[in-house]
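The values are calculated or read from the model by the stated rules, or taken from the named source; none is laboratory data. Quick caveat, the model's predicted, so the values are computed rather than measured. Counting neighbours? That spans all protein chains shown, and the Cβs are built from the backbone with ideal geometry, glycine included. Accessible surface areas use protein heavy atoms only, side chains included; no ligands, DNA or RNA. Shrake-Rupley method; radii C 1.70, N 1.55, O 1.52, S 1.80 Å.
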Amino acid sequence: MRNGRSHGFTLMELAAVVAILSLIAAFGMPTYDMFVRRARTAEARAVLESLAHAELAYRRDHRRFLELPPNPPPAPGAQPHAAVDNAQWRELGMPLRGDYWFQYSTEYSGGAWLVVARGDQNGDGLESRFTINLETLKLSTTDELE
């Protein structure tokens, strides 16, 4: 027997489902953003540590650090950029291959050699900067959230 109701969902039921999905999304997005930032920070730290070790080995063999141009050339933002193969990075024994969220370089600043990573971790236009001082091997950050 049918009581005259159609088979399907009422407007109230659909509104309740939309409200529940909105709550899940509202609580999930900040967590997702945090995990994305952590993953990108892990990339920066891993490349910086490798770069610092390569620079120290180069200094041991050549008695000087090798100044590296920024790679990839445009500072990455909301999208990763492909690294460019060049002679200095190959001479160091660390050619970058693939796509990176940060731009890596070495520079002489304030009386010390630094390996530097610059990038926009979440595409909001604010730069994060990670450095390792090659004399002290201390990691410093200037993060967009600080």
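Observations on the model:
- Loop-resident sites, the stretch 50-146, for trypsin sites (Lys or Arg not before Pro), counting at most 14 other Cβ within 10 Å (DSSP): 63, 64, 97, 138
- Helical content alone sets the calculated 222 nm signal of the chain at -14500 deg cm²/dmol, taking -39,500 (n - 2.57) per DSSP H segment of four or more residues and averaging over every residue.
- Residue order by solvent-accessible surface for 137, 48 is 137, 48, largest first, with ligands and nucleic acids left out and a 1.4 Å probe.
- Filtered GluC sites (Glu not before Pro), the stretch 95-138: DSSP coil and at most 16 other beta carbons within 10 Å: 127, 135
- Using the Karplus relation 6.51 cos²θ - 1.76 cosθ + 1.60 with θ = phi - 60°, the per-residue 3J(HN,Hα) values for the stretch 88-100 come to 5, 5, 5, 4, 6, x, 9, x, 7, 10, x, 9, 10 Hz, with x marking Gly and Pro.
- With both labels modelled 7 Å from their Cα along Cα-to-Cβ, the residue 50 to residue 138 distance reads 2.7 nm.
- A crude spin-label estimate for the pair residue 63 and residue 90, with each label 7 Å from Cα along the Cβ direction, gives 2.7 nm.
- Computed over the chain, the ratio Rg/Rh where both radii use C-alpha atoms and Rh is Kirkwood: 1.32
- Relative contact order for the chain: 18 percent, from Cα pairs under 8 Å spaced at least 6 residues apart, divided by residue count.
- Counting only Cβ charges, +1 for Lys and Arg and -1 for Asp and Glu, the dipole size of the stretch 30-112 around its Cα centre is about 180 debye.
- Theoretical FRET efficiency, 1/(1+(r/R0)^6), r = Cβ-Cβ of residue 42 and residue 112, R0 41 Å, to 0.05: 0.95
- Lys/Arg +1, Asp/Glu -1 at C-beta; the chain dipole; positive extreme among 34, 56, 113: 34
- Per atom type, the chain shows carbon and sulfur on 58% of its accessible surface, probed at 1.4 Å.
- Take the stretch 42-144 with all the other protein chains still there, run a 1.4 Å probe, and you get 52 Å² of accessible area per residue.
- The distance linking the stretch 21-55 with the stretch 58-104 is 21 Å (Cα centroid to Cα centroid, whole angstrom).
- Mean-square fluctuations from a GNM of the chain, with a 10 angstrom spring cutoff on Cα atoms, peak among 110, 125, 93 at 110.
- Degrees between helix 11-62 axis and first principal axis of the chain (Cα, 0 to 90, nearest 10): 10 degrees
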